[in-house]
Amino acid sequence: MKPMTTPPATPTHGPGPRPAETGLESLAATGVQFTVIDAIRNNQPFTPAVHETILEQDPIVEVKDFSLYYGPSKALHNISMPIPRGKVTSLIGPSGCGKSTLLRSVNRLNDLIDNVRVTGEILLEKSPVYAPNVDVIELRKHTGMVFQKSNPFPMSIFENVVYPLRIDGEKRKSVLKDACERALRGAAIWDEVKDRLHQSGLSLSGGQQQRLCIARAIAAEPEVLLMDEPCSALDPIATLRIEELINEISQRFTVLIVTHNMQQAARVSDYTAFMYLGRLVEYGPTADIFQNPRLPETEQYVTGRFG
Amino acid sequence: MTTSTPQSEHQRRVRRTPLAARGEPMVWLTGACLCVCLLMIAGLLTAVVVQGAATFWQPRIHRFTLADGATTMGVPVREEPYTAIGQELADIEQMIARDTMPQGALDDEGRPMRRLYRVGNREAYGDPFRWVSLYNIQRLEKPAHATLLERREWGVWIGMPEAIVLQDALPAPAEGEAFEEAGTATVNGAPVRVTREIAPTDDGPVLRERKYIAEGPEAVLAVLDEYLDAADERWSRLYHLNEVVIGDINHDIEKERLRHREMELRHAEGRATDEALARSLERRDERVAELNREYAKVRAEAAEIDAEDARWRLVITEPEQGRFAPIRQTEPDEFMRLSQVVRAVPANDLDFAGRLGVYFSRWGEFVGGQPREANAAGGVFPVIFCTVLLTVLLSIFVVPLGVIAALYLREYAKQGVVVSAVRIAVNNLAGVPSIVYGVFGLGFFCYTLGRYIDGGPSVAWSNGVWFMGMFGLLGLTVLAVIAGYVARPVPGQPPSRRMKAIAWAGGLMWIGAAGLLIALLARSPFFHGFNRASLPSPTFGTKGLLWASLTLALLTLPVVIVATEEAISAVPRSLREGSYGCGASKWQTIQRIVLPRAAPGIMTGMILAMARGAGEVAPLMLVGAVKLAPDLPFSGRFPFIHLEKSFMHLGFHIYDVGFQSPDSEASRPLAWTTTLLLIVIIAVLNLTAISLRARLRRRFVTGAF
């Protein structure tokens, strides 16, 4: 009797786990022993390789033994990782490995999906995110989010940027104006739009729209900025600008970024976490992960041999 | 085998794709279907526009002399061939044999043609339309100065204007005393002929003096317009006094009566003291006496104007019997008043510009005036106004209701079997025949809700039972709130069975509370209605604008719900997530992101609802539309807008004019014109909404401000 492995379910909507791409068959040919991936595939316990230098950092977000279920299927498996304050941390891994799900767990955007259940906890600034008495709306105001596809609201550029303040009830024109300018400067788009703040946000180009969304995300001075593949819908030049922007922003905010693009992770992030099939595999300083990984799986992945 | 290979390859090369596979016939078929549809629509529109626009064009007046020597004037309406039999056939054959058949009197197949003439003059001829066989016409001319009068009553009069007369009733001379029977007098510096005669009236004989201000067709037509303007002014003044001023006084008297009646009812219930009743009676009598004095004053003023108006007469004679247009059917020997004329059209004297002037003047009256002659003539302004008002009211009722319902269905309700069932039911509601809504509206809105508003509950609970119910309602509400609080969802955790059960119980308690609330309202011993003093004649408990618009709102609700649901579900998920990511609550997201973005789609629903509602007739016949209600539902008196009044509606008006009119030949063109007007109004309403939608779409969807 062969043990049945439950295939990851595909939810009809929402960012659930996508079916894993199996690049693993080719790995067998290399002859290297992949203990961790074997353990994951056989659903056996294993210890992720977390580099010690991270543990020494001051964490702003702490993920502790966190699991998430979409209905009966488990999308995140007992993930524990601290996110260092004031750094850029990137999440990499093949499609469907749960990077986005983990990201969305931090600001509880997964609540919008029916049948989501979690165990374990996530701490933001030492306070639990999933406690029953947490005000989700307040929580999300502390975590700005940028999405894969730019999603400016159907309103003017000005209103787009001050949206987080508006819904917070801020009505003073001067405050809104200051916040708008600060955020747009922060997102390096002020010079391009300062003369047309009252035009629709939809009239901008794709890259500008994404920077507008970043401006919106940082307008309320969040503690953590969550970015879900922010460049995947952009051309290389727009991507470059966003990456430069992330570098600038990281001096003021903690950034947690999901990316498909390993070069991007190498370029923009201080720390990198490699995930696979809902598990954290290896987590360490970006330089170590890319040049000196502890696990052969990580090396195979970052050099592009699978995934 | 080897030899056949190049052959089959050759065959493959020359083989063409069959026609059926290329689908060419389908292109023809689909194109042809589209063409048929377009042709039908274009045909309908052309028919309506041509017929509707032609109604007010004034043709020339014919004077025709028949074989029997009778001479009549009339306006040609249309011609058709018919089958002659008996003596007529023999006559025709004889005429052909003698070669005296006039040109064009027979059609290509040799059948005789006949022409329908509008001859008017109902008092003289009885039937205002007459078929005339063309072969029978001995002489046909278009005499100068022949005039068609549109009168306020009794249809048109066609004849020759003979004179404008200033008629006075002088005291009769004593028996046997002589008086001049004819003479001259000076009016406006010109000498005019005068006749005098003794005329009997109800108050004894008077000396009737007639001054012939203008005589002869040419002279009359030269000054007619001037005198008609003055006559119109007198008529409008009289109309205002009789209809508006006296109407208001009557309304005030009625209000006073109702106020006192309400006091009597309260007194009978022991809720008013004897003194209050006496005071009320005194106040009523005082006020009614005052109003009656005012009434007498207005009547006196009206009588004065009427006496002046009665002096100005028009003599217009038809050629057949030589009769002039009478003041009324029962007094054939009195000339008609000038003020009875709405419009005098000397059709044969007018040049093209003049006829165009008449045409537009008639359109002006049609669009801006009141109906006359049982809707067979005059205008449709109240009809247009009420149709537009009804459509606007129904949109005001249906859009918020439909949008809110759709928001709950799409945003808040947990998608499952129940919601699917509700959705299917809503979709099916769109297919319910509209008359069913009419029956429901009449039964529920008019006879249940309206009667309740008028007279309070027909059966009331005793005070004790009612208060017990009230406490029950309070208790249920509190329990439901507690259940809702206890069973509130915990994030990240699916609800346990127990919590689910509590949530269900809470929901049931809310439903129970709502039912109990309705029962408490419907059985309240403390509410006696707003209009019970005027019972048994109903105020709200009958057909009315409010109930009609609510019924139509109900009828069009599914359209709005379906369109709104589609629009809401088309709002990209990324926008919602972006909003939530910024820390917006669900309601803030709906209010600031979803609704603006869905607004064009909601507008589409509204446009569909308006188009359907404005064109609906069947339910309106039950819940509000009537044949004649020339007053607008507004007044200068509280509450200014009277939604309980019944009203006129263009759709119903078309039915009424086209099929219920006593004079179908006269009103048939009006049916076309009204149809044209209805189409134009619906088009205007829709175009307004569509342009609004285009602006919303530019603003919220495509992003160009």
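The values are calculated or read from the model by the stated rules, or taken from the named source; none is laboratory data. For clarity, every value in this text was computed on a predicted model and none was experimentally measured. Every residue, glycine as well, gets a Cβ built from its backbone with ideal geometry; the counts of neighbours run over all protein chains shown.
I'm checking my understanding of the structure. Among residues of the range A:182-191 that are touching a helix residue (DSSP H, G or I) at 6+ places or on another chain (Cβ under 6 Å) and part of a helix (DSSP H, G or I), which one is farthest from A:Glu159 (Cα to Cα)? Spell out how you get there, then give the answer.
We begin by selecting, within the range A:182-191, every residue touching a helix residue (DSSP H, G or I) at 6+ places or on another chain (Cβ under 6 Å); these are A:183-184, A:186-190.
Within this subset, residues satisfying the condition of being part of a helix (DSSP H, G or I) are A:183-184, A:186, A:190.
Values: A:Ala183: 12, A:Leu184: 12, A:Gly186: 16, A:Trp190: 14 Å.
Filtering the range A:182-191 for residues that are touching a helix residue (DSSP H, G or I) at 6+ places or on another chain (Cβ under 6 Å) and part of a helix (DSSP H, G or I), the one farthest from A:Glu159 (Cα to Cα) comes out as A:Gly186.
Mind counting the residues in the range B:459-472 that are farther than 23 Å from B:Thr448 by Cα and touching a residue at least 40 places away in the same chain (Cβ under 8 Å)? Spell out how you get there, then give the answer.
Restricting attention to the range B:459-472, the residues satisfying the condition of being farther than 23 Å from B:Thr448 by Cα are B:464, B:467-468, B:471-472.
Next, from what is left, pick out any that are touching a residue at least 40 places away in the same chain (Cβ under 8 Å): B:472.
Total meeting the criteria: 1.
May I ask you to list the residues in the range B:267-288 that are surrounded by 16 or more Cβ atoms within 10 Å (Cβ to Cβ) and modelled with pLDDT of 85 or more? Steps first, answer last, please.
So the first thing to find is which residues in the range B:267-288 are surrounded by 16 or more Cβ atoms within 10 Å (Cβ to Cβ), and the list is B:267, B:272, B:277, B:280, B:284, B:287-288.
B:His267, B:Leu277, B:Ser280, B:Arg284, B:Arg287, B:Val288 - these are the residues of the range B:267-288 that are surrounded by 16 or more Cβ atoms within 10 Å (Cβ to Cβ) and modelled with pLDDT of 85 or more.
Checking the condition within 10 Å of chain B (Cβ to nearest Cβ) and surrounded by 21 or more Cβ atoms within 10 Å (Cβ to Cβ), which residue from A:Val193, A:Val116, A:Val161, A:Val136 passes?
Values: A:Val193 fails: within 10 Å of chain B (Cβ to nearest Cβ); A:Val161 fails: within 10 Å of chain B (Cβ to nearest Cβ); A:Val136 fails: surrounded by 21 or more Cβ atoms within 10 Å (Cβ to Cβ).
Step by step, each of A:Val193, A:Val116, A:Val161, A:Val136 is checked, and only A:Val116 is within 10 Å of chain B (Cβ to nearest Cβ) and surrounded by 21 or more Cβ atoms within 10 Å (Cβ to Cβ).
Just checking, which of B:Val392, B:Val426 is among the hydrophobic types (A, V, I, L, M, F, W, C), assigned to a helix (DSSP H, G or I) and closer than 14 Å to B:Ala563 by Cα?
Working: B:Val392 fails: closer than 14 Å to B:Ala563 by Cα.
On inspection, the qualifying residue turns out to be B:Val426.
Among the numbered criteria (1) more than 9 Å from chain B (Cβ to nearest Cβ); (2) free of Cβ contacts under 8 Å to residues at least 60 places away in the same chain; (3) farther than 21 Å from B:Ser585 by Cα, which single criterion is violated by A:Ser203?
All conditions pass for A:Ser203, except number (1).
Can you tell me which of (1) basic (Lys, Arg); (2) farther than 25 Å from B:Gly43 by Cβ; (3) modelled with pLDDT of 85 or more; (4) in contact with a helix residue (DSSP H, G or I) (Cβ under 7 Å, 6 or more places away or on another chain) is the one B:Arg697 doesn't meet?
Exception for B:Arg697: condition (3).
So B:Arg196 fits all but one of (1) part of a strand (DSSP E or B); (2) out of contact with any Asp or Glu (no Cβ under 6 Å at 6 or more places or on another chain); what number is the exception?
(2)
Is there a residue in the range B:506-529 that is of a type in the set (Gly, Ala, Ser), under 39 Å from the mean Cα position of the chain (by Cα), within 30 Å of B:Cys386 (Cα to Cα) and away from every other protein chain (no Cβ under 14 Å)? Break it down stepwise before answering.
Residues of the range B:506-529 of a type in the set (Gly, Ala, Ser): B:506-507, B:512-515, B:519, B:522, B:524, B:529.
If we keep only those that are under 39 Å from the mean Cα position of the chain (by Cα) too, we end up with B:514-515, B:519, B:522, B:524, B:529.
Cutting the leftovers down to within 30 Å of B:Cys386 (Cα to Cα) gives us B:529.
Checking which are away from every other protein chain (no Cβ under 14 Å) leaves us with B:529.
Checked the range B:506-529: at least one residue is of a type in the set (Gly, Ala, Ser), under 39 Å from the mean Cα position of the chain (by Cα), within 30 Å of B:Cys386 (Cα to Cα) and away from every other protein chain (no Cβ under 14 Å).
I need a count of the residues in the range B:122-152 that are β-branched (Val, Ile, Thr) and closer than 23 Å to B:Leu221 by Cα. First the steps, then the outcome.
First, pick out the residues of the range B:122-152 that are β-branched (Val, Ile, Thr): B:132, B:137, B:147.
Those still in the list that are closer than 23 Å to B:Leu221 by Cα too: B:147.
Residues flagged as β-branched (Val, Ile, Thr) and closer than 23 Å to B:Leu221 by Cα within the range B:122-152 amount to 1.
Yes/no per residue for (1) touching a His at 6+ places or on another chain (Cβ under 9 Å); (2) assigned by TED's automatic domain parsing to the domain that holds B:Ile435; (3) not aliphatic (A, V, I, L, M):
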| position | (1), (2), (3) |
| --- | --- |
| B:Arg497 | no, no, yes |
| B:Ile502 | no, no, no |
| B:Trp510 | no, no, yes |
| B:Ala513 | no, no, no |
| B:Leu517 | no, no, no |
| B:Ala522 | no, no, no |
| B:Gly578 | no, yes, yes |
| B:Gly583 | yes, yes, yes |
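Can you find even one residue in the range A:169-185 that is under 19 Å from the mean Cα position of the chain (by Cα) and more than 12 Å from every other protein chain (Cβ to nearest Cβ)? Lay out the reasoning, then the answer.
Residues of the range A:169-185 under 19 Å from the mean Cα position of the chain (by Cα): none.
No: the range A:169-185 contains no residue that is under 19 Å from the mean Cα position of the chain (by Cα) and more than 12 Å from every other protein chain (Cβ to nearest Cβ).
Sort through B:Gly615, B:Gly601, B:Gly624 and tell me the only one that's within 20 Å of the chain's Cα centre (by Cα), more than 10 Å from chain A (Cβ to nearest Cβ) and surrounded by fewer than 24 Cβ atoms within 10 Å (Cβ to Cβ).
B:Gly615
Exactly one condition in (1) more than 20 Å from B:Asn136 (Cβ to Cβ); (2) surrounded by 13 or more Cβ atoms within 10 Å (Cβ to Cβ); (3) without any contact (Cβ under 8 Å) to a residue 60 or more places away in the chain is not met by B:Val48; state its number.
(3)
Given the conditions (1) buried (at least 22 other Cβ atoms within 10 Å of the Cβ); (2) within 30 Å of A:Tyr163 (Cα to Cα); (3) among the aliphatic types (A, V, I, L, M), which single one is not true for B:Leu575?
Every listed condition holds for B:Leu575 apart from (1).
Looking at B:Glu243, B:Glu209, which one is surrounded by fewer than 18 Cβ atoms within 10 Å (Cβ to Cβ) and either within 27 Å of B:Leu149 (Cβ to Cβ) or not assigned by TED's automatic domain parsing to the domain that holds B:Pro630 (or both)?
Details: B:Glu209 fails: surrounded by fewer than 18 Cβ atoms within 10 Å (Cβ to Cβ).
Matching residue, one of B:Glu243, B:Glu209: B:Glu243.
Report yes if B:Glu286 is within 35 Å of the chain's Cα centre (by Cα) and either farther than 20 Å from B:Gly636 by Cα or of a type in the set (Asp, Glu) (or both), otherwise no.
Values: within 35 Å of the chain's Cα centre (by Cα): no; either farther than 20 Å from B:Gly636 by Cα or of a type in the set (Asp, Glu) (or both): yes.
Against the criterion (within 35 Å of the chain's Cα centre (by Cα) and either farther than 20 Å from B:Gly636 by Cα or of a type in the set (Asp, Glu) (or both)), B:Glu286 does not qualify.
Would you check which residues across the range A:124-133 are farther than 16 Å from A:Pro222 by Cβ, at pLDDT 85 or above and more than 10 Å from chain B (Cβ to nearest Cβ) and list them? Give the steps one after another, and end with the answer.
Going residue by residue through the range A:124-133, those that are farther than 16 Å from A:Pro222 by Cβ are A:126, A:128, A:130-133.
Next, only the ones that are at pLDDT 85 or above stay: A:126, A:128, A:130.
A:Lys126, A:Pro128 - these are the residues of the range A:124-133 that are farther than 16 Å from A:Pro222 by Cβ, at pLDDT 85 or above and more than 10 Å from chain B (Cβ to nearest Cβ).
State all residues of the range A:139-152 that are assigned to a helix (DSSP H, G or I) and farther than 19 Å from A:Glu62 by Cβ; if no residue qualifies, say none. Working first, answer last.
The first filter runs over the range A:139-152 and keeps only residues assigned to a helix (DSSP H, G or I), leaving A:139-141.
If the condition is that a residue be assigned to a helix (DSSP H, G or I) and farther than 19 Å from A:Glu62 by Cβ, then A:Lys141 is the only one that fits.
Tally the residues that are touching a residue at least 40 places away in the same chain (Cβ under 8 Å) and either assigned to a strand (DSSP E or B) or surrounded by 22 or more Cβ atoms within 10 Å (Cβ to Cβ) (or both), restricting the search to the range A:223-248.
Residues in the range A:223-248 being touching a residue at least 40 places away in the same chain (Cβ under 8 Å) and either assigned to a strand (DSSP E or B) or surrounded by 22 or more Cβ atoms within 10 Å (Cβ to Cβ) (or both): 7 in total.
I'd like the full set of residues that are within 40 Å of the chain's Cα centre (by Cα), β-branched (Val, Ile, Thr) and assigned to a loop (DSSP other than H, G, I, E, B), limited to the range B:92-141.
Of everything in the range B:92-141, just one residue is within 40 Å of the chain's Cα centre (by Cα), β-branched (Val, Ile, Thr) and assigned to a loop (DSSP other than H, G, I, E, B), namely B:Val119.
Checking B:Arg139 against (1) loosely packed, with under 14 Cβ neighbours inside 10 Å; (2) in contact with a Gly (Cβ under 7 Å, 6 or more places away or on another chain); (3) of a type in the set (D, E, K, R), only one condition comes out false. Which one?
(2)
When the residues of the range A:139-149 are narrowed to those that are surrounded by fewer than 21 Cβ atoms within 10 Å (Cβ to Cβ) and either without any contact (Cβ under 8 Å) to a residue 60 or more places away in the chain or more than 7 Å from chain B (Cβ to nearest Cβ) (or both), which ends up farthest from A:Leu202 (Cα to Cα)? Can you show your working first?
Within the range A:139-149, the first condition is being surrounded by fewer than 21 Cβ atoms within 10 Å (Cβ to Cβ), and the residues that meet it are A:139, A:142, A:148-149.
Restricting the remaining residues to those that are either without any contact (Cβ under 8 Å) to a residue 60 or more places away in the chain or more than 7 Å from chain B (Cβ to nearest Cβ) (or both) gives A:139, A:142, A:148.
Numbers: A:Leu139: 28, A:His142: 26, A:Gln148: 16 Å.
Out of the qualifying residues, it is A:Leu139.
I'm checking my understanding of the structure. Among residues of the range B:67-91 that are aliphatic (A, V, I, L, M) and part of a strand (DSSP E or B), which one is nearest to the chain's Cα centre (by Cα)?
To start, the set of residues in the range B:67-91 that are aliphatic (A, V, I, L, M) comprises B:67, B:70, B:73, B:75, B:77, B:84-85, B:89-90.
Narrowing the set further to residues that are part of a strand (DSSP E or B) leaves B:73, B:75, B:77.
Numbers: B:Met73: 34, B:Val75: 29, B:Val77: 27 Å.
Ranking the qualifying residues of the range B:67-91, first place goes to B:Val77.
Within the range B:399-407, identify whether any single residue is free of Cβ contacts under 8 Å to residues at least 40 places away in the same chain and not aromatic (Phe, Trp, Tyr), and answer yes or no. Show your work before the answer.
The first filter runs over the range B:399-407 and keeps only residues free of Cβ contacts under 8 Å to residues at least 40 places away in the same chain, leaving B:400, B:404.
Next, only the ones that are not aromatic (Phe, Trp, Tyr) stay: B:400, B:404.
Yes - at least one qualifying residue is present in the range B:399-407.
Give the residues of the range A:249-277 that are outside any helix (DSSP H, G or I) and among the charged types (D, E, K, R), sorted by residue number. Give the derivation first.
Start the filter on the range A:249-277 by keeping residues that are outside any helix (DSSP H, G or I), which leaves A:250-261, A:269-277.
Matches in the range A:249-277: A:Arg252, A:Asp270.
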